[in-house]
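To keep things clear, I will list the structure first and then write my remarks on it.
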Amino acid sequence: VPDSPSLAFTSYPLDRAGHLRADSSAVARLQDHPDSRYLVLWQGKPLITAGNQIAWAGPDSPLLALPHPPAVFLGLLGEVAHFAVDISAWQPEIPPDPPAFFDLTRITHPSQAEGTGFVDLRAAMTLLSPSESAIAATAKGVLAWHEIHPFCARCGAASGVTHAGWQRKCPSCGAEHFPRTDPVVIMLITHGNDTLIGRNAAWPEGMYSCLAGFMEPGETIEAAVRREVFEETRVTVGPVTYRSSQPWPFPASLMIGCHGQALSRDITLDPVELQDAFWISRERLMHGLAGLDSQIKPSRPGTIARFLMESWIADR
Ligand SMILES: [Zn+2]
């Protein structure tokens, strides 16, 4: 059960059935079972139907005949096994446009029904149901990890996939490697009736969000919140409380949502991290969230920044 149904990627409906992962013959039987379902991804984009549901493939789908690395076992829904498979090596007949921040294209495969295609997960996150968005996020996250970790981080030899896609093992030195999740703090910083929002130069025009940054080794969540806010704006933060979290597979983050109370108001921007930051009143933020502010477009529905903003406005 998610903490908030308005947060995308947080309602994973499958039993991950981790006890089955080490049993390679059981996993192989499930892979061939006619009821088993495959989420097919191409270059990180899940295959979505015209009606914006996951276009599940069966084990005999022509998509699974394309060259692909070992499928990842996502878990069970009742008796039905679910897998993720990466067909990124496939080349569409019409080359796709270069990637945009919000990529709204649908890359089609000739074997699929009209309207079905590979869709960027940033675009699909609010089109899919909460449970299907969580499955897609898990699949994208674990497959992206395999893609960028083909070699052993200890000795450099090529490693192999084990445990139904949840480990890689090095045949040379024996090291075991596990899928990574990188913790990121994201914080709604308040001072009285105002909250601090900022924007990165790479974002679409007018987009503003809560400040955020990667945690460092040896850091507590609270210390990371205070350090990031100070580095980016020179605002000092006192009490910090945890609110909620969200997997964010772009490519491998876990967003840790916090509320921090500022002890100072003066802003000095770090121009490397932020293009702009300012204090916004609760009333103006409400207008922005309603789409009524011509200058600011706050974070999109489904994101944890939006959740933190809406919770604060509702004073929860
Ligand atoms: Zn090794």
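The values are calculated or read from the model by the stated rules, or taken from the named source; none is laboratory data. Computed from a prediction, not measured in an experiment: that's the story for all the values here. Virtual Cβ from ideal backbone geometry, glycine too; neighbours counted across all protein chains shown. For the accessible areas, the whole protein counts, side chains as well, though only heavy atoms, and no ligand, DNA or RNA atoms are used. Shrake-Rupley method; radii C 1.70, N 1.55, O 1.52, S 1.80 Å.
Fully extending the segment from His191 to Ala100 would add 29.3 nm, taking 0.36 nm per residue of separation and subtracting the current Cα-Cα distance. Taking all Cα pairs closer than 8 Å and separated by 6 or more residues, the relative contact order of the stretch 1-86 comes to 32 percent. When the charge dipole of the chain is built from unit charges on Cβ atoms (+1 for Lys and Arg, -1 for Asp and Glu) and taken about the Cα centre, the candidate among Gly198, Ala50, Ser133 whose Cα reaches farthest toward its positive end is Ser133. How much net charge surrounds Ile107 when only other residues with a Cβ under 11 Å from its Cβ are counted (Lys, Arg +1; Asp, Glu -1)? Taking every Cβ under 11 Å from that of Ile107, the sum is -2. Note on the chain: with a GNM built from Cα contacts shorter than 10 Å, the maximum mean-square fluctuation among Ala124, Ala137, Ala17 falls on Ala17. Only protein heavy atoms count here; under a 1.4 Å probe, Trp42 has an accessible surface of about 10 Å². Rolling a 1.4 Å probe over the protein chains gives Arg106 an accessible area of about 80 Å². Against the main long axis of the alpha-carbon atoms of the chain, helix 130-148 sits at an angle near 70°. For Leu196, the solvent-accessible surface computed with a 1.4 Å probe is close to 0 Å², ligands and nucleic acids excluded. Going by accessible surface with a 1.4 Å probe and the largest first, Val272, Val142 read Val272, Val142. Charge dipole (Cα centre; +1 on Lys/Arg Cβ, -1 on Asp/Glu Cβ; no other charges) of the chain amounts to roughly 300 debye.
Set against the 2.2 N^0.38 Å expectation for a compact globular protein, the chain has a Cα radius of gyration ratio of 1.09.
Extent along the principal axes, Cα only, for the stretch 33-85: 28, 27, 18 Å, with the longest axis given first. Short-range pairs are left out: with C-alpha atoms under 8 Å and at least six residues apart, the relative contact order of the stretch 1-157 is 30 percent.
The overall shape of the stretch 97-237 is oblate: from the C-alpha gyration tensor, with semi-axes ordered a ≥ b ≥ c, the ratio a/c is 1.5 or greater and a/b is no larger than b/c. Please give me, ordered by residue number, the GluC sites (Glu not before Pro) of the stretch 93-148 that lie in loop per DSSP and have at most 11 other Cβ atoms within 10 Å. Loop-located and lightly packed - Glu93, Glu114. The C-alpha atoms of the chain define a longest principal axis, and helix 304-313 lies at about 40 degrees to it. Can you give me the C-alpha center-to-center distance between the stretch 244-316 and the stretch 134-210, rounded to a whole angstrom? Here the answer is 21 Å between Cα centres. Taking the longest Cα principal axis of the chain as reference, the axis of helix 221-233 is set at about 60 degrees. Here the relative contact order of the chain, from alpha carbon pairs under 8 Å that lie six or more residues apart, stands at 17 percent.
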